[in-house]
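Chemist: Dumping the structure here so I can ask a few things about it.
Read-outs throughout are calculated quantities, based only on the coordinates presented, and are distinct from any laboratory measurement. All figures in this text were calculated on a predicted structure; none of them were measured in a lab. Neighbour counts run over all protein chains shown; Cβ positions are idealised from the backbone, glycine included.
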Ligand code: B30
Ligand code: ZN
């Protein structure tokens with residue numbers, strides 16, 4: 001048995017299900033959103049980030065976990081507008097190789113990839129005591145997915161993360177960064193989104209996630225996108241120097257699921 005995994009190679013995504021059985025389940029993420037097949041659900045109201053802008057005086061940390069770069073979030077941040085109260089846990093990114101035509105997002109819309117994708121992970125704190133317990137439960141997690149495209153202008157909010165990647169080049173490294181307004185990373189329209197039940201997009205692929213994918217994308221500059229490739233998959237002790245890129249899973253079968261939309 002293996003407990004580690006990668007995106008390509010001998011323990012790459014085509015092998016995940018051999019070692020992590022849930023990765024072969026019927027409700028996996030990400031998915032392609034075929035917009036003509038989505039179904040409008042008028043009960044889906046706008047989501048409300050709670051305390052995202054209230055960062056206090058404590059710095060955040062930024063961590064290279066060997067598959068992505070993660071910012072753990074303070075426990076007072078949460079998400080309203082869902083059937084339960086959710087508490088924020090962390091946010092992280094998925095990206096490609098910086099080539100203009102190449103993808104990098106996990107979710108796709110009508111078969112189209114975006115350059116990168118931001119995930120803000122929350123757990124159901126009304127029903128479960130912590131993230132570890134919640135991620136094994138079918139109604140345990142809520143993840144916000146934000147598609148990131150490249151544009152002409154730099155996105156000032158993203159510098160709050162990208163400026164510090166040089167300090168966490170190796171897996172296992174972390175750095176303290178100034179706290180910032182997490183809501184500034186999100187699109188301005190939080191009322192238009194797709195909703196479906198899916199999974200963690202990485203092993204152990206537990207089918208515990210209520211996914212929200214915003215229709216509005218956020219834009220960063222190409223220079224900013226390239227900054228993500230400052231980071232390596234390997235730890236400092238490791239001989240190989242593989243650049244962290246293409247850390248996204250390809251879309252999984254929708255099977256009998258319906259993707260809902262919050263707008264007609
Ligand atoms: S995602 O948003 O679906 N990409 C986890 C959370 C969100 C997503 C994927 C995974 C998660 O919490 N996984 C379990 C924790 N990890 C530890 C970690 O932070 O680094 C265990 C693991 O994967 O083996 Cu790597
Ligand atoms: Zn993710």
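Chemist: Starting from residues that are in contact with a strand residue (DSSP E or B) (Cβ under 6 Å, 6 or more places away or on another chain) and not in a strand (DSSP E or B), keep the ones in the stretch 245-264 and report whichever is surrounded by the fewest Cβ atoms within 10 Å (Cβ to Cβ).
Modeler: Ranking the candidates gives 264 first.
One line per residue, one yes/no per condition, for (1) within 17 Å of the chain's Cα centre (by Cα); (2) in a loop (DSSP other than H, G, I, E, B); (3) surrounded by 16 or more Cβ atoms within 10 Å (Cβ to Cβ):
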| residue | (1), (2), (3) |
| --- | --- |
| 188 | no, yes, no |
| 196 | yes, no, yes |
| 203 | yes, yes, yes |
| 206 | yes, yes, yes |
| 212 | yes, no, yes |
| 220 | yes, no, yes |
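Chemist: On to the next question. Which one is farthest from ligand 2 (Cβ to nearest atom), of the residues in the stretch 111-145 that are part of a strand (DSSP E or B) and in contact with a helix residue (DSSP H, G or I) (Cβ under 7 Å, 6 or more places away or on another chain)?
Modeler: Among those residues, the one meeting the criterion is 124.
Chemist: Within the stretch 15-32, is even one residue touching a strand residue (DSSP E or B) at 6+ places or on another chain (Cβ under 6 Å) and outside any loop (DSSP other than H, G, I, E, B)?
Modeler: yes
Chemist: For the stretch 78-89, indicate whether the set of residues that are exposed (fewer than 12 other Cβ atoms within 10 Å of the Cβ), outside any strand (DSSP E or B) and more than 17 Å from the chain's Cα centre (by Cα) is non-empty.
Modeler: Within the stretch 78-89 (the criterion being exposed (fewer than 12 other Cβ atoms within 10 Å of the Cβ), outside any strand (DSSP E or B) and more than 17 Å from the chain's Cα centre (by Cα)), the answer is yes, since at least one residue qualifies.
Chemist: Sticking with this one: Taking the criterion of being under 30 Å from residue 34 (Cβ atoms) and within 16 Å of ligand 1 (Cβ to nearest atom), would at least one residue in the stretch 220-243 satisfy it?
Modeler: Checked against the condition, which is being under 30 Å from residue 34 (Cβ atoms) and within 16 Å of ligand 1 (Cβ to nearest atom), the stretch 220-243 yields at least one hit.
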